[in-house]
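Only one structure is covered here, and it is reproduced in the block below.
Bear in mind these aren't lab numbers, they're just calculated from the coordinates by the rules spelled out. Nothing here was measured: the structure is a model prediction, and the numbers come from that model. Reconstructed Cβ throughout: ideal geometry from the backbone, glycine too, with neighbour counts over all protein chains shown.
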Amino acid sequence: MLFMPFMIPFYQDNGLSLSEISLLKAIYSISIVALEIPSGYLADILGRKKTLLIGSLFGFLGFATYSFSYGFVGFLIAEIILGFGQSLISGADSAMLYDTLDDLKRKDEYVKYEGRIISIGNLAETIAGIVGGLLVGISLRFPYYVQTFVAFTAIPAALSLIEPVRNTKMLNVGFKNILQIVKYSLSDNKELRWNIIHSSVIGAATLTMATLIVQPYLLHIEIPLFYFGIIWTALNLTVGAIALYAYKIEKKLNKATTLSIITLCIPLGYIALSQTISYWGIVILFMFYIFRGFATPVLKDSINQLTDSNVRATVLSVRNFVIRIFFAIVGPFIGWYTDMVNLQNATLIAGLIFLLFAGISLTMQLRILRNKEIES
């Protein structure tokens, strides 16, 4: 993601306001939502490898479109293509990892390996932040040119994957079956429902922070553009380092404690950030990213443990679907409120929204856990 540390300045250089940027990202989320659950179902039917390959092709085409676009409409087309590509990848990747480990009789190590993937991904993004910082010296657009090449490398990477053996009955093809899985995930199975909702709220909170808060905040405290890449690099290194050891931290804490820490610390990061517009806010960002690195592999593992292999990609896609819906609602409001009032109040409101919904979903999860303990 060579362009990420400079995404907001790039948009502004092409004449977009923060409201338009937020709308653009909301449309991206909606484009993911449009195919999120069907693409997860496709991965369960067609296979993880083929779905990841198609998603990689869309990713390459999306960044190629970005490279040669200069306004809202062009960026919109690129975001829709990228959204379709991302929807095909999300869910299928984690499902493939879990099924591979299950095939190897090592599924208990999922958090460990999901953490490693996040860690390696953030290390790659760290390197990208440094390289992007050099490329932006040529122009704000140049990182997108190189990003197109980087996106292309996902195609041979997808081709190199090995489809794991799945020992459960394959699904029948049909839209009715998709609806049945969605109903099972969000209605019939109460424990899975509240796991998905809680994970989705936290996922939307981390997505909103990375997409709409960090860079405007750095601009607001007048950090020179040169240092954007360095700070972005350090933040991603933090996520990667924590994700690498998330499985060890989780083992030392019980589930209720783990969920409570995540529920409180992610929204409180927003609230704390809203109370200071200074360089001290960078320290708060690092604290937020520490909990982000811990939360992602742990929350995904909770869902995987409650899901059968033959519907795993679809269920994980339901989670991603809810994340994007939440972001598509909250994101444009945060962008509009920032333009109309200020970033500080917008950040505070976002924190309170995420705290409310995360708190409700946590309460329901803890109630189910207590009932299970009583029954056992």
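Using all pairs of distinct alpha-carbon atoms, the Kirkwood hydrodynamic radius of region 116-159 works out to 11.4 angstrom.
With +1 on each Lys and Arg Cβ and -1 on each Asp and Glu Cβ, and nothing else charged, work out how big the dipole of region 1-119 is about its Cα centre, in Debye to the nearest 20.
Details: 9 positive and 12 negative charges, 49 e Å.
Using only the charged Cβ atoms, the result is roughly 240 debye.
Share of Cα-Cα pairs in the chain beyond 39 Å, in percent?
Values: 8230 of 70500 pairs.
I get 12 percent for the Cα pairs in the chain exceeding 39 Å.
For the pair Phe226 and Leu366, the difference between a 0.36 nm per residue extended length and the Cα-Cα distance amounts to 45.9 nm. Placing pseudo-labels 7 Å out from each Cα toward the beta carbon at Glu163 and Tyr70 gives an inter-label distance of 4.5 nm. Between Ile329 and Thr153, the simple label model (points 7 Å from Cα in the Cβ direction) yields a spacing of 3.9 nm. The calculated FRET efficiency for Ala124 paired with Asn345, based on their beta-carbon distance and R0 = 35 Å, is about 0.50.
Beyond a 22 Å Cα-Cα separation, which of these cross-linked pairs lie in this structure: Lys251/Lys300; Lys183/Lys300; Lys50/Lys105; Lys50/Lys248; Lys112/Lys252; Lys49/Lys105?
Numbers: Lys251/Lys300 15 Å; Lys183/Lys300 19 Å; Lys50/Lys105 24 Å; Lys50/Lys248 33 Å; Lys112/Lys252 14 Å; Lys49/Lys105 20 Å.
Those over the limit are Lys50/Lys105; Lys50/Lys248.
A Förster radius of 41 Å, combined with the Cβ-Cβ distance separating Val131 from Ile261, puts the computed FRET efficiency at roughly 0.75.
To one decimal place, what Kirkwood hydrodynamic radius in Å is obtained for region 33-85 from all pairs of distinct Cα atoms? Before the final figure, lay out each step's value.
On the way: mean 1/r = 0.0864 Å⁻¹.
Mean inverse Cα-Cα distance, inverted, gives 11.6 Å.
FRET efficiency for the pair Gln275 and Ala34, taken as 1/(1 + (r/R0)^6) with r the Cβ-Cβ distance and R0 = 30 Å, rounds to 0.20.
The calculated 222 nm mean residue ellipticity attributable to helices in the chain amounts to -27000 deg cm²/dmol, summing -39500 (n - 2.57) over DSSP H runs of n ≥ 4 and dividing by all residues.
Taking 4 °C and 1.567 mPa s as the conditions, I'd like the Stokes-Einstein D for region 32-167 in µm²/s, using the Kirkwood hydrodynamic radius from alpha carbon pairs. Present the calculation step by step, with values, prior to reporting the outcome.
Numbers: Rh = 16.2 Å.
The estimated diffusion coefficient comes to 80 µm²/s.
Within the chain, which is the longest segment containing none of the trypsin sites (Lys or Arg not before Pro) that sit in a DSSP loop and have at most 15 other Cβ atoms within 10 Å? Let's see the in-between values first.
Numbers: sites that count: Lys105, Arg106, Lys169.
The longest such stretch corresponds to 170-376.
In the chain, a dipole from Cβ-located charges (positive for Lys and Arg, negative for Asp and Glu) runs towards its positive end, and of Ala204, Phe10, Leu186 it is Leu186 whose Cα lies farthest in that direction. Qualifying chymotrypsin sites (Phe, Trp or Tyr not before Pro) in region 200-290, where qualification requires a DSSP coil assignment and no more than 11 other C-beta atoms within 10 Å, comprise Tyr279.
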